[in-house]
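Asks: Got a structure for you, written out below as structure tokens; questions coming shortly.
The values are calculated or read from the model by the stated rules, or taken from the named source; none is laboratory data. Since the model is a prediction, treat every value here as computed from it, not as a measurement. Cβ: placed from backbone, ideal geometry, glycine included. Neighbour counts: every protein chain shown. Keep in mind that these areas ignore ligands, DNA and RNA; they rest on the heavy atoms of the full protein, side chains included. Shrake-Rupley method; radii C 1.70, N 1.55, O 1.52, S 1.80 Å.
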Amino acid sequence: MSIAPRKLGSDKVYPVGLGCMNLHHGYGPPSDEGDAAALLHEALDLGYNFLDTATIYGFGKNETLIGETLKDRKNDYVQASKCVMLFEDGQRKLDARPESIKAACEASLKRLQRDVIDLYYMHRPDKNVPIEDSMGAMADLVKEGKIRMVGLSEMGEGLLRRAHAVHPVSAMQSEYSLLTRNPEIAVLDACRELGVTFVPFSPVGRGYLADNPPAPKDYHAADMRRIFPRWNEPYWTENLPLLKQAQEMAGDLGCTMSQLAIAWTLVKDPDCVPIPGTTSARHLRDNFAAAQVSLTPEQVAHLDAVFAPEAVKGPRYNAMAQASVDTEQYPFELTA
């Protein structure tokens, strides 16, 4: 089955990319370096050609791993990384000052062993720095040949339009899945209007949209889901009836639940490029094959109805995490 590539700024990539965060950060201890390197090589061998990382993942170790592992395969894929979000003295920090963005880019280039980063995102908005100032620095990096394309992450329509007025934005990354449909409020439409590729992260709902999702009691001590309400009780159990309906559809289609979840994002926005992450070679292959799953309009409508935003229980972020993003929220979320 021939899979048509999708536009990502000035490039074309396979419809499913690879989020590399999980290899060092997010859901448990870092992967064994040898296993992580083998996974990256298998990804490129399968046909993945869009890899996503960030300064903060593993405090730079994720970029270092990719840079060293794939130094001889740089022409085989599009590399994305992110700035602004970092750790300093053990504390997470947002710093989108122009000089900080430029310094972060230089450090990322060194870790990635590259002369240029294909797509460079602002990982989060910094409310202390006007987006216009930050985008000025990103535009300078493009002019200097340090980055090819500019991206934003976890921002809404308003900041997207302001940023795009300074320099064209090639991609907007944000959480989007059956469980988290907030981009449908405004930013997805703005991306389509402006010609910005939407890049959904966590399209498998942080592992919930799976055949056998991990229960909260089984989360590792370092698992970020421990602080996200939607992935804890009582909400984890309250959302199971929705998941079971989707699992039944996946069974009828002969695909895994994660493949169904990714396929849904691919249909909902025919221009998007989701970036599921994994540390498992089996899941890596499953996610790649999700691009071959076909859904009828009736099946998409059924999933839309089952996972209607107001039917999903629990907020995706706690108050602190929500305060660090600029994504739109539904009215019922604001009054909850």
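Asks: Name the shape class, rounded, prolate or oblate, that the alpha-carbon gyration tensor gives for the stretch 228-271, where a ≥ b ≥ c are the square roots of its eigenvalues, rounded holds for a/c under 1.5, and otherwise prolate holds if a/b is larger than b/c and oblate otherwise.
Replies: In terms of gyration-tensor shape, oblate.
Asks: Once the stretch 234-336 is represented by equal point scatterers at the alpha-carbon sites, with solvent omitted, what log10 I(q)/I(0) does the Debye formula produce at q = 0.13, 0.16, 0.18, 0.22 Å⁻¹?
Replies: -0.59, -0.87, -1.06, -1.30
Asks: Say we join alpha carbon atoms closer than 10 Å with springs in a Gaussian network model of the chain; which of 169, 142, 273 then has the biggest fluctuation?
Replies: 142
Asks: Additional query: Have a look at the stretch 84-239 and give its Rg and Dmax from the Cα atoms, expressed in angstrom.
Replies: For the stretch 84-239, the Cα-based Rg and Dmax read 17.5, 51 Å.
Asks: Also, quick follow-up: Suppose the Debye formula is applied to equal point scatterers at every Cα of the stretch 87-137; what is log10 I(q)/I(0) at q = 0.22 Å⁻¹?
Replies: -0.89
Asks: Another one. Cα-Cα over 20 Å: which of 93/146; 82/146; 61/82; 82/127; 82/102; 71/143?
Replies: From the list (93/146; 82/146; 61/82; 82/127; 82/102; 71/143), the Cα-Cα distance tops 20 Å for 93/146; 71/143.
Asks: What number, rounded to the nearest 500 deg cm²/dmol, is the helix-based mean residue ellipticity at 222 nm of the chain, given -39500 (n - 2.57) per DSSP H run of at least four residues and division by all its residues?
Replies: The helix-only estimate for the chain comes to -11000 deg cm²/dmol at 222 nm.
Asks: If you don't mind, there's one more thing I want to ask. Taking 0.36 nm per residue of sequence separation and subtracting the Cα-Cα distance, how much length would be gained by fully extending the chain between residue 88 and residue 237, in nm to one decimal?
Replies: Gain on extension, residue 88 to residue 237, equals 50.0 nm.
Asks: Could you work out Rg/(2.2 N^0.38 Å) for the stretch 156-238, with Rg from alpha carbons only?
Replies: Rg over 2.2 N^0.38 Å, computed on Cα atoms: 1.35.
Asks: Give me the compactness ratio for the chain, meaning the Cα radius of gyration over 2.2 N^0.38 Å.
Replies: Rg over 2.2 N^0.38 Å, computed on Cα atoms: 0.93.
Asks: For the stretch 116-155, what is the accessible area per residue in Å² when the probe is 1.4 Å?
Replies: 31
Asks: Using all C-alpha to C-alpha distances in the stretch 281-336, build P(r) with 5 Å bins and read off the rounded percent in each one.
Replies: Over the stretch 281-336, the share of Cα pairs per 5 Å bin runs 4, 13, 16, 14, 13, 19, 16, 6, 0 percent.
Asks: Using only the Cα atoms of the stretch 169-328, construct the convex hull and provide its projected area averaged over every direction, in square nanometres to one decimal.
Replies: 9.6
Asks: Let me understand the stretch 1-152 better: what is its radius of gyration from the alpha carbons, and its Dmax, in angstrom?
Replies: My reading of the Cα-based Rg and Dmax gives 15.3, 50 Å.
Asks: Counting residues in the stretch 250-290 as N, plug N into 2.2 N^0.38 Å and put the Cα Rg over that result.
Replies: Against the compact-globule rule of thumb, the ratio is 1.14.
Asks: While we're looking at this one, here's another question. Which order do 327, 279, 335, 296 take when ranked by solvent-accessible area (1.4 Å probe, heavy atoms of all protein chains), largest first?
Replies: Descending order: 335, 279, 296, 327.
Asks: Considering only protein heavy atoms and a probe of 1.4 Å, how much of the accessible area of the chain is carbon and sulfur, as a whole percent?
Replies: Ligands and nucleic acids excluded, carbon and sulfur reach 52 percent.
Asks: Another question, then. How many percent of Cα pairs in the stretch 38-123 exceed 16 Å?
Replies: Here the long-distance tail beyond 16 Å is 50 percent of all Cα pairs in the stretch 38-123.
Asks: Set the Förster radius R0 to 22 Å, insert the Cβ-Cβ distance between residue 193 and residue 10 as r into 1/(1 + (r/R0)^6), and round the FRET efficiency to 0.05.
Replies: Efficiency, rounded to the nearest 0.05: 0.75.
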